[in-house]
Amino acid sequence: IVTLGQGNKLVNTRSTMTDATSPIGTTIAKNKKLTSYLLRSFGLPGANNQVVTNAEHALQAAKSYGFPVVVKPNSLDQGEGVFAGLTSESDVKAAYTDTRKLTDQVLVEKHVEGFSHRLTIFQDKLIKVVKRRPGGVDGDGIHSIEQLLNARNQEPGVIKRARAHTSYVINLDEEALGLLRQLGISKDYVPACNEFVRLRRQDNVSRGGTNIAVDIDSGVHPDNIQL
C-alpha cells in the first residue's frame, strides 16, 4: 500500500485501487464471467465463456466455441493459470488440469486473436490507455529468433527486472516452442524487419509482456470513450 499526501488530502493506493474504488466494482472485476456479461450488456466487446467442471466438460465447451480457445481461472489475477490460443484437445485437457490446481472455478472461452488493451478510468474520466504486448522478439531480417531472444535477455532493463521476477526472462521453453510450431517455424527462423514473433501466450508484464502507451485522442474511438 502506497500513501500519497497528508492530512485530509491523504490517499492510500494499492495497484490500481484507491480509497474511492467501489468495493462492489472490485468484487465484480474479480469475477471474469460476470465482467464479460456486463461488458456485453453495455455494448462493449466481452468474451463468451462458461464455467466447466472437469476436463471432458472443458473439451465439450472448446468444441462448441471452435478452436482456438482460452482456459483460465474465473477469479485470479496477473495471468495466473491462463492458457490462451489452445488449438488441440490435448492442450485443452492439460490446461484444465493445471488451472484446476489453482481454483475450482475454471472458464473456457473463445480465443480472439489480437492485442488486449487496458483503459484506466479515474473520477469518471478516461486518463490512460495502454496496448499490452506479450513477450516475444522483433525481427531485424538478420538474426534468428534464438539470437534475438538471447540479445533481449542481455538488455540491462530485462536483467534488472529478472533479479526480482524470474518470469521476466523468456526462454525457449515448451510454451515458446509450442507457439513456434503453431506458426510452422523454429527457433532458427529469421523474422523480417519489424516482424513480431510471440513467445508467450499471456501478455501480463509479470510474464515478460510490455505496455505500449496509446494516445487517447487519436487512438481510441469516441464511442468507446463514452461507453
With bins of 5 Å, the percent of all Cα-Cα pairs of the chain per bin from 0 is 1, 6, 11, 15, 17, 16, 14, 11, 6, 2, 1, 0, 0
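Could you tally the net charge around LYS131, taking each other residue with its Cβ under 10 Å from the Cβ of LYS131, Lys/Arg +1 and Asp/Glu -1?
Details: positive: ARG118, ARG132, ARG133; negative: ASP203.
It works out to a net charge of +2.
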Which value, in Å² rounded to 10, gives the accessible area of ARG133 with a 1.4 Å probe and all protein chains present? 50
For LEU10 and LEU76, extending 7 Å from Cα along the Cα-Cβ vector and measuring point to point gives, in nm, a value of 3.6
Once the whole set of protein chains is in place, how much accessible area is left on SER88, using a 1.4 Å probe, in Å² to the nearest 10? 40
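Work out the length of the dipole vector of the chain about its Cα centre, built from +1 on the beta-carbon of each Lys and Arg and -1 on the beta-carbon of each Asp and Glu, and round it to the nearest 20 debye. Don't skip to the answer; put the middle values down first.
Working: 28 positive and 24 negative charges, 121 e Å.
That gives the chain a dipole magnitude of about 580 debye.
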Could you provide, to the nearest whole Å², the per residue accessible area of region 107-208 with probe 1.4 Å? 60
Round to the nearest 0.05 the FRET efficiency obtained for ASP19 and SER116 when R0 = 25 Å and r is the Cβ-Cβ distance. 0.35
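Determine the share of the chain's accessible area contributed by carbon and sulfur atoms, expressed in whole percent, with a 1.4 angstrom probe. Walk me through the intermediate numbers first.
On the way: 7440 of 14090 Å².
Ligands and nucleic acids excluded, carbon and sulfur give 53 percent.
With the cut-off at 1.5 for a/c, could you classify region 92-192 from its C-alpha gyration tensor as rounded, prolate or oblate? Write out the running numbers ahead of the final one.
Working: a/c = 1.65, a/b = 1.21, b/c = 1.37.
Oblate, because a/c is 1.5 or more while a/b does not exceed b/c.
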Count the net charge of all other residues whose Cβ sits under 14 Å from the Cβ of LYS187, scoring Lys and Arg as +1 and Asp and Glu as -1. -2
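Would you work out the relative contact order for region 1-151, in percent, from Cα pairs under 8 angstrom that are 6 or more residues apart?
With pairs under 8 Å counted, the relative contact order is 17 percent.
First select every other residue whose beta carbon is under 13 angstrom from the beta carbon of VAL108; then total the charges, Lys and Arg +1, Asp and Glu -1. If you can, show how the numbers build up before the last one.
Working: positive: LYS32, LYS33, LYS63, LYS72, LYS93, ARG100, LYS110; negative: GLU56, GLU89, ASP91, GLU109.
It works out to a net charge of +3.
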Across the chain, qualifying lysine pairs (alpha carbons under 17 Å, at least 8 places apart or different chains) come out at 13
Rank these by accessible area, largest first, 1.4 Å probe: ARG201, ARG14, ARG118. ARG14, ARG118, ARG201
Could you give me the radius of gyration and the Dmax of region 85-151, taking only the C-alpha atoms into account and expressing both in angstrom? 18.0, 48
Reduced to Cα centres, the span from region 26-76 to region 160-227 in Å works out to 22
Computed magnitude of the charge dipole of region 109-162 (debye, nearest 20; Cβ of K, R +1, Cβ of D, E -1): 360
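The values are calculated or read from the model by the stated rules, or taken from the named source; none is laboratory data. As the structure is a computational prediction, the values presented were derived from the model and not from experiment. Positions of Cβ are backbone-derived with ideal geometry, glycine not excepted, and every protein chain shown enters the neighbour counts. For the accessible areas, the whole protein counts, side chains as well, though only heavy atoms, and no ligand, DNA or RNA atoms are used. Shrake-Rupley method; radii C 1.70, N 1.55, O 1.52, S 1.80 Å.
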